[in-house]
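Working notes, structure below.
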Amino acid sequence: MFVGREDELRKLNEMYASERYECAVIYGRRRVGKTTLIKEFIKDKNAVYFLAREADGGVNLAGFSNDVYAVTAKELKGNAFFTDWEKAFDYIYRISKSKRLVLVIDEFPYLAGGFHPISSILQAHIDNSFKDSKLFLILCGSSMSLMEKQVLAYKSPLYGRRTAQFKILPFNFFGSLPFLEGFDKEDMAVLYGVTGGIPEYLNKINPAKSVQDNVVGLFFTPSGHLYEEPSNLLKQELREPSTYNGIIEAIADGASRLSEIASKCGVESNKCAKYLKSLISLGIVKRELPVTENTSKRSIYLLDDAMFRFWYRFVFSNMSGIVSGLGAAIYEEEVKPGLSAYMGLIFEDICRQYIIEQAKQNAMPFLPGKIGKWWGNNPKEKRQEEIDIMTCRKENALFAECKWTNEKVGAAVLDTLVERSNLFNFKNKYYYLFAKKGFTSGCIQKAENAGNVFLVSLNNMF
């Protein structure tokens, strides 16, 4: 089933309706649904879809010939082949000169890797002929680093030739909900937290099974779809997967500063920084600063991909036991007791998303600015403080605390949040408490009396 991506689909259809030359670049990590989006867009259109292979230019040219003729001249499919890419693109130009045609080249980095001149050849045809046609060209790729280098970068021959670009991201929690129908709200959050909102992974969830059975089947079974998924993705994207494995595991185990990560992995700090940069470009790791700062030595590194976070936290060190058939027991022994702590960061992410969704509906006390975590020194108390979520704009600031616990949140949590907010001078301050299980009567009463406090339980988010 096709779910979500309404904004991207609407924009693509607007471009299609222009009847002039368009070039859309679509990229994002593997399994995120790029090809599904493209196929939904072209399903009712005159379109050629070509999936490039990890092969030389000749193999891809033969495949391209078949896919083009299958749409434009069925009698030639398998019987005629373009002798070179120049002639192939000349043919595309003639077909699209007076008639709208969508040409999709999926996994473009494979084509460019097997035949380096392709970008320059394509550039020449865009500049000399395609721009005067009705061609809608779509270049798609899963290797984000290669797409940025070969298509989007300033030094690329194709730089400036796109008319739109789409970086396809995982679904947020609210976008993932259609995949999770039939589960209760807490289970929805947990399943989002282990899949990271990746459509392919969400599609593997069986609504007839419990959360535990789904997670064990996906992660803790040797034949499970996600049992080796991070390892496979790293092998496809990176040259030294073992080194990256160590770095990701260190972050999953709690190391967050560059020096800590480098020390734990036995890698020099300057080399570790380069590895981290690669992981950031892939969307696996993120570098985070206190939300009120732009540059700081207090920056930390976190796993940005929730599926990677879960896998390295619970699966990576238990793979031999899983192969031995102990997956269900490992889930009982390690995952169940550690799931609440693991969900803490996931719930913070969900709460940030909630704030953004509310802002889209004009339901926040002010338009949020940058949203993130804050941490720093309390000079009065001489201790480090942390605020789960903070955002500000002009004289307004929002402070939030997120609690994924089985106990109701009490007034003391609100008092602490107010105390920490006193480290900042804003005219208008608003406080949000987010809770899995709701709030005590004392907390509710205090919030009502204050007037600038908002209590949001997981149930309220729906």
Task: Nearest-20 debye value, segment 187-305 charge dipole, Cβ charges on Lys, Arg, Asp, Glu - done: 420
Open item on the list: Which entries of 167/286; 370/408; 34/167; 185/403; 408/429; 43/131 have Cα-Cα distances beyond 19 Å here?
Closed with: 370/408; 408/429; 43/131
Task: Net length gained if the chain between residue 120 and residue 296 were fully extended (0.36 nm per residue, minus Cα distance) - done: 59.3 nm
- [ ] Rounded to the nearest 10 degrees, what's the angle between the helix 118-128 long axis and the longest principal axis of the chain, both from Cα atoms, 0 to 90?
- [x] 70
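Please report the net charge: other residues with Cβ closer than 12 Å to the Cβ of residue 96, K and R +1, D and E -1. All intermediate terms of the calculation are to be shown ahead of the outcome.
Details: positive: 20, 94, 97, 99, 100, 131, 134; negative: 19, 22, 90, 132.
Once positives and negatives cancel, what remains is +3.
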- [ ] Report the local net charge at residue 428: Lys and Arg +1, Asp and Glu -1, summed over other residues whose C-beta lies under 15 Å from its C-beta.
- [x] +3
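Run the numbers for residue 79 and residue 366: contour at 0.36 nm per residue of separation, minus the present Cα-Cα distance, in nm. The partial results should precede the final answer.
Numbers: separation 287, 0.36 × 287 = 103.32 nm, distance 6.40 nm.
That works out to 96.9 nm of additional length.
Given a Förster distance of 35 angstrom, what is the FRET efficiency for residue 381 paired with residue 273, based on the Cβ-Cβ distance and rounded to 0.05?
The formula returns an efficiency of 0.60 here.
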Task: Residue list for segment 175-205, given a label point 7 angstrom along the Cα-to-Cβ vector of residue 459 and an amide N cut-off under 15 Å - done: 184-187
Task: Placed amide H near residue 48: partners under 5 Å, 5+ positions off or other chain - done: 102, 103, 104
Open item on the list: Considering only C-alpha atoms, what is the centroid distance from segment 173-228 to segment 28-95, in Å?
Closed with: 34
TODO: Return one number: the angle in degrees, 0 to 90 and rounded to the nearest 10, between the long axis of the Cα atoms of helix 57-72 and the longest principal axis of the Cα atoms of the chain.
DONE: 80
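Which order do the peptides 263-270, 326-333, 429-436, 348-355 come out in when sorted by mean C-beta neighbours inside 10 angstrom, highest first?
Values: 263-270: 13.8, 326-333: 17.0, 429-436: 22.4, 348-355: 20.9.
For the peptides 263-270, 326-333, 429-436, 348-355, the packing ranking is 429-436, 348-355, 326-333, 263-270.
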- [ ] Report the one residue of 217, 238, 171 whose Cα lies farthest in the direction of the positive end of the charge dipole of segment 146-239 (charges on C-beta: Lys and Arg +1, Asp and Glu -1; origin at the Cα centre).
- [x] 238
Open item on the list: Nearest 10 degrees is fine. How inclined is helix 241-252 to the longest principal axis of the chain, computing both from alpha carbons?
Closed with: 30
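Grab the beta carbon distance between residue 317 and residue 155, set R0 = 41 Å, and tell me the FRET efficiency rounded to 0.05. Could you put the intermediate results ahead of the total?
Values: r = 42 Å, r/R0 = 1.01.
Approximately 0.50, to the nearest 0.05.
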Open item on the list: Checking the cross-link filter: which lysines have an alpha carbon closer than 21 Å to that of residue 382, excluding same-chain neighbours under 8 positions apart?
Closed with: 297, 373
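In terms of solvent-accessible area of protein heavy atoms at a 1.4 angstrom probe, what is the ranking of 260, 40, 401, highest value first? Kindly include the intermediate steps, with their values, before the conclusion.
Working: 260 85, 40 50, 401 20 Å².
Output order, biggest surface exposure first: 260, 40, 401.
By how many nm would the segment from residue 236 to residue 43 grow when fully extended, if each residue of separation counts as 0.36 nm and the alpha-carbon distance is taken off? Intermediate results must be reported in sequence, preceding the final value.
Working: separation 193, 0.36 × 193 = 69.48 nm, distance 2.92 nm.
In short, 66.6 nm is gained.
The values are calculated or read from the model by the stated rules, or taken from the named source; none is laboratory data. All of these numbers come straight from a predicted model, not from anything done at the bench. Glycine also receives a Cβ, built like all others from the backbone with ideal geometry; neighbour counts cover every protein chain displayed. In case anyone asks, the SASA skips ligands and DNA or RNA and just uses the protein heavy atoms, side chains included. Shrake-Rupley method; radii C 1.70, N 1.55, O 1.52, S 1.80 Å.
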